[in-house]
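Worksheet: one structure, shown below.
The values are calculated or read from the model by the stated rules, or taken from the named source; none is laboratory data. Owing to the predicted nature of the structure, the values given are computational and were not obtained by experimental measurement. Ideal geometry is used to build each Cβ from the backbone, glycine not excepted, and the neighbour counts take in all protein chains shown. In case anyone asks, the SASA skips ligands and DNA or RNA and just uses the protein heavy atoms, side chains included. Shrake-Rupley method; radii C 1.70, N 1.55, O 1.52, S 1.80 Å.
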Amino acid sequence: MATLRVPQVVPSPIEDSQQLRKAFVGLGTNEKTIISILAHRNAAQLRQIRETYHETYGEDLLVSLKKEISGDFERLRSMDRYGVLTCWQRVVMLWTLDQAERDAMLANEAAQKWHPGNLVLVEITCTRSAAELFATRKAYQARYKRSLEEDVAAHTKGDFRKLLVPLVSSYRYDGPEVNTKLAKLEAKMLHKAIAEKFYSHEEIIRILGTRSKAQLIATFNHYNDEFGNPINKDLKHEAKDEFLSSLRAVIRCLVCPERYFEKVVRSAIEGLGTDEGALSRVITTRAEVDLQEIKEVYAKRNSKALDAAIAKDTSGDYEAFLLELIGHNEN
């Protein structure tokens, strides 16, 4: 369930564009107006605002946002043509982008600066629908004039390349149908490869990279029933093995994404300093999808509300924008 709150009566894109323009001009920027509009519009409404703003003022809304908003936050890595951004700038711009364009930019960052512990490509490929991932690949080609697949292949290596290239290339069936006989067969194939510690076996890659989510859930259930352990438990044989961590992340993202994202958020908030990049990514990509479930898992796992944790670890306009997206109620 989404946490995004859109008012019952939404102003027209022209009215929103005018209010945003007013927030940008004059002495200082009216951040409250920016938050009150952008944090309470869905993807379709934001797209209309961007189009109207550009038609009316001759400038991309994202360019105006970067110029007019700032903050005393740690500067984050570049969002390609928009340059290096503060946390506040980045979260607003991530949210305002179309999903496909946002995912394309996140995937490009992950590919260009890939390392074995970076799970963003797994996250994007395994928590989006087939149509959403296809749209991301199209947006990637339009923006970067090359394919996501070739960039992932160029910047990864070894077993990770064997896993990630099929994942970014996949187009899974989205239907609910399940082949029980096939699920039992492939559960045995997975167990055999894992028991032999052949974790990059082509059958593991094939099954995880091509089967529908419904089919995989059936396969993992048969695995548990037949062999007495959840598959992810058997993949913890070598806890510090980063390839095994990637395989576990694939399974978690496909089967229970809310648990995967709860862990990402928890890791971003815990410890010294906050990983604003990870926190912003999760909130902006899940606010219209399943952020309510993520909040519930977080509260159960950590015995405190995600709202309170974010308020404690962030500040200023960045904090205010995040809290609006997660549906924080001050009352």
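R172 meets all of the listed conditions (1) outside any loop (DSSP other than H, G, I, E, B); (2) in contact (Cβ under 8 Å) with a residue 12 or more places away in the chain; (3) surrounded by 15 or more Cβ atoms within 10 Å (Cβ to Cβ) but one, namely (1). The residue that is modelled with the highest pLDDT, counting only those in segment 39-93 that are among the polar types (S, T, N, Q) and part of a loop (DSSP other than H, G, I, E, B), is N42. Quick one: in segment 100-122, which of the residues that are surrounded by fewer than 24 Cβ atoms within 10 Å (Cβ to Cβ) and touching a Lys or Arg at 6+ places or on another chain (Cβ under 8 Å) is modelled with the lowest pLDDT? Among those residues, the one meeting the criterion is K113. Screening segment 150-194 for residues that are among the aromatic types (F, W, Y) and closer than 20 Å to A214 by Cβ and picking the one that is nearest to the chain's Cα centre (by Cα) gives Y171. Consider segment 211-248 and keep the residues that are more than 27 Å from G158 (Cα to Cα) and free of Cβ contacts under 8 Å to residues at least 24 places away in the same chain. The one that is surrounded by the most Cβ atoms within 10 Å (Cβ to Cβ) is N224. Would you say A154 is in a helix (DSSP H, G or I), modelled with pLDDT of 95 or more, within 26 Å of L133 (Cα to Cα) and in contact with a His (Cβ under 7 Å, 6 or more places away or on another chain)? No.
Checking each residue in segment 41-56 for being touching a residue at least 60 places away in the same chain (Cβ under 8 Å) and either open to solvent by 50 Å² or more (accessible area, probe 1.4 Å) or in contact with a helix residue (DSSP H, G or I) (Cβ under 7 Å, 6 or more places away or on another chain) (or both) picks out only A43.
Scanning segment 1-18 for residues that are surrounded by fewer than 14 Cβ atoms within 10 Å (Cβ to Cβ) and in contact with a Lys or Arg (Cβ under 8 Å, 6 or more places away or on another chain) gives a single hit, V6.
Report whether or not K192 is at pLDDT below 95 and open to solvent by 20 Å² or more (accessible area, probe 1.4 Å).
Against the criterion (at pLDDT below 95 and open to solvent by 20 Å² or more (accessible area, probe 1.4 Å)), K192 does not qualify.
Against the criterion of being within 21 Å of T180 (Cβ to Cβ), at pLDDT 95 or above and open to solvent by less than 40 Å² (accessible area, probe 1.4 Å), L208 qualifies. Quick one: is A131 at negative phi and surrounded by fewer than 15 Cβ atoms within 10 Å (Cβ to Cβ)? Yes; evaluated as a whole, the condition is true for this residue.
E262 meets each of the listed conditions (1) surrounded by 18 or more Cβ atoms within 10 Å (Cβ to Cβ); (2) assigned by TED's automatic domain parsing to the domain that holds E177; (3) more than 16 Å from Y173 (Cα to Cα); (4) not hydroxyl-bearing (S, T, Y) apart from (2). Could you tell me how many of the residues in segment 286-314 are open to solvent by 10 Å² or more (accessible area, probe 1.4 Å), of a type in the set (V, I, T) and under 21 Å from H40 (Cα atoms)? Within segment 286-314, residues that are open to solvent by 10 Å² or more (accessible area, probe 1.4 Å), of a type in the set (V, I, T) and under 21 Å from H40 (Cα atoms) number 2.
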